[in-house]
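Participant: The structure's right below; bear with me while I get my questions together.
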Amino acid sequence: MSNLLVAALFLIGTHLGIASSQLRPQLVATIGEGPYRLLYSLIALVAIAWLAHAWRTAPVQVLWTPGPGLRHLPLLVMPVACLFLVCALSQRNPTALGQAPDPDSAEPARGIVRVTRHPVMWAVALWAIAHVLANGDLASLVFFGTFAVLALAGSVLIDARRTEERPPGWGVFLQRTSNIPFQAILERRQRLVPSEIGLARLAAALALYMALIRLHPALFGVAVTP
C-alpha cells in the first residue's frame with residue numbers, strides 16, 4: 001500500500017508542482033514550449049503507469065461494501081463522461097491548451113462548453129468518483145481518488161491561471177460559463193443548445209461507452225455486468 005500512496009503523491013506533486021505552478025513558465029522560458037510539453041508528458045506517463053501498477057498489485061482492504069446502486073453507478077455516469085470527453089476533443093474550448101476566447105464572438109461559449117468550461121476535467125472526475133463509490137476498497141479510493149483530486153483541482157487552477165493572464169475576452173467568457181456542470185444554465189447566464197452537440201457526437205460517445213464496456217475485462221481485469 002505504501003507504494004501506491006507514494007505513486008499517488010508523485011503524480012499529484014508533479015502536476016501541481018510543475019504544470020500548475022510558477023515553475024511551468026520558467027521551464028518554458030528556459031527550454032521552450034515544445035520540449036516542455038514533451039518532458040511533462042513523459043513524466044505524466046511514467047507517473048500514471050506507476051500508479052496503475054501499484055493499484056493492481058496493492059492488497060485489497062475493504063472500506064465499505066457497495067450495494068447494487070453503487071456497483072452500477074458507473075453504468076449510469078460513464079455515458080455522460082464519454083459525452084463530455086468526445087465533445088471536448090471535437091469542439092473549440094477557450095480553456096484548452098493553445099486556445100483562447102474570441103473577444104469578437106457574440107457567443108463566447110458553444111456546445112458542451114455551455115454546460116461546463118472544463119469538460120475533460122469533469123469527464124475524468126465523474127469516471128473517478130463513480131469508480132471510487134463502486135469499488136469500496138482502500139486501493140481504489142487512493143487510485144481513483146487521485147484522478148478526481150487532479151481533475152477538480154486542475155479545473156480551478158486553470159481558471160486561476162487564465163484569470164491571471166487575462167487574455168482578451170476571458171472576462172466575458174468566465175461570466176457566461178461555469179466550472180460546475182449546468183450551473184451557468186441554471187443561473188440563466190447561459191442556455192443549453194443540444195443542436196451544437198449534435199447526433200454525431202452522441203453516437204460517438206455511445207460507441208466509446210460500449211467499447212469501454214467490451215474492453216473492460218482486458219484493460220482492467222473486471223467484467224462489466226448489468
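Participant: Using only the Cα atoms of region 26-168, build the gyration tensor, take square roots of its eigenvalues as a ≥ b ≥ c, and label the shape rounded, prolate or oblate: rounded if a/c is under 1.5, else prolate if a/b is larger than b/c, else oblate.
Facilitator: Since a/c reaches 1.5 but b/c is at least a/b, the shape of region 26-168 is classed as oblate.
Participant: For region 149-226 and region 39-83, what is the separation of their Cα centres, given in Å?
Facilitator: If you average the Cα positions of each part, the centres end up 18 Å apart.
Participant: Which GluC sites (Glu not before Pro) does region 149-213 hold that lie in a coil by DSSP with at most 10 other beta carbons within 10 Å?
Facilitator: In loop regions of region 149-213 (DSSP not H, G, I, E or B), the sparsely surrounded GluC sites (Glu not before Pro) are GLU187.
Participant: Now a separate question. How do the peptides 201-210, 79-88 rank, highest first, by the average count of neighbouring beta carbon atoms within 10 Å per residue?
Facilitator: Order by mean packing, descending: 79-88, 201-210.
Participant: What shape does region 164-226 take by its C-alpha gyration tensor, where a ≥ b ≥ c are the square roots of the eigenvalues and a/c under 1.5 counts as rounded, a/b above b/c as prolate, and the rest as oblate?
Facilitator: Prolate, because a/c is 1.5 or more and a/b exceeds b/c.
Participant: I'd like the Karplus ³J(HN,Hα) series for region 182-188: coefficients 6.51, -1.76, 1.60, θ = phi - 60°, whole numbers in Hz, and an x wherever there's a Gly or Pro.
Facilitator: Coupling constants for region 182-188: 6, 4, 5, 5, 5, 8, 6 Hz.
Participant: Read phi for every residue in region 205-211 and hand back ³J(HN,Hα) as whole Hz from Karplus 6.51 cos²θ - 1.76 cosθ + 1.60, θ = phi - 60°, with x for Gly and Pro.
Facilitator: 5, 5, 5, 5, 4, 5, 5
Participant: Only sites in a loop by DSSP and with at most 14 other Cβ atoms within 10 Å count here; which trypsin sites (Lys or Arg not before Pro) in region 165-200 make the cut?
Facilitator: Passing both the DSSP loop test and the Cβ count: ARG188, ARG189, ARG191.
Participant: May I pose another question? Quick check on the chain: helices-only [θ] at 222 nm, where DSSP H runs of length 4 and up contribute -39,500 (n - 2.57) each and the sum goes over total residues. Nearest 500, please.
Facilitator: About -21500 deg cm²/dmol.
Participant: Mind checking region 108-175 for chymotrypsin sites (Phe, Trp or Tyr not before Pro) that DSSP puts in a loop (not H, G, I, E or B) and that have at most 12 other Cβ atoms within 10 Å?
Facilitator: Loop-located and lightly packed - none at all.
Throughout, read-outs are computed from the coordinates displayed, never taken from laboratory work. Treat the numbers as computed from the prediction; the structure is a model and nothing was measured. Neighbour counts run over all protein chains shown; Cβ positions are idealised from the backbone, glycine included.
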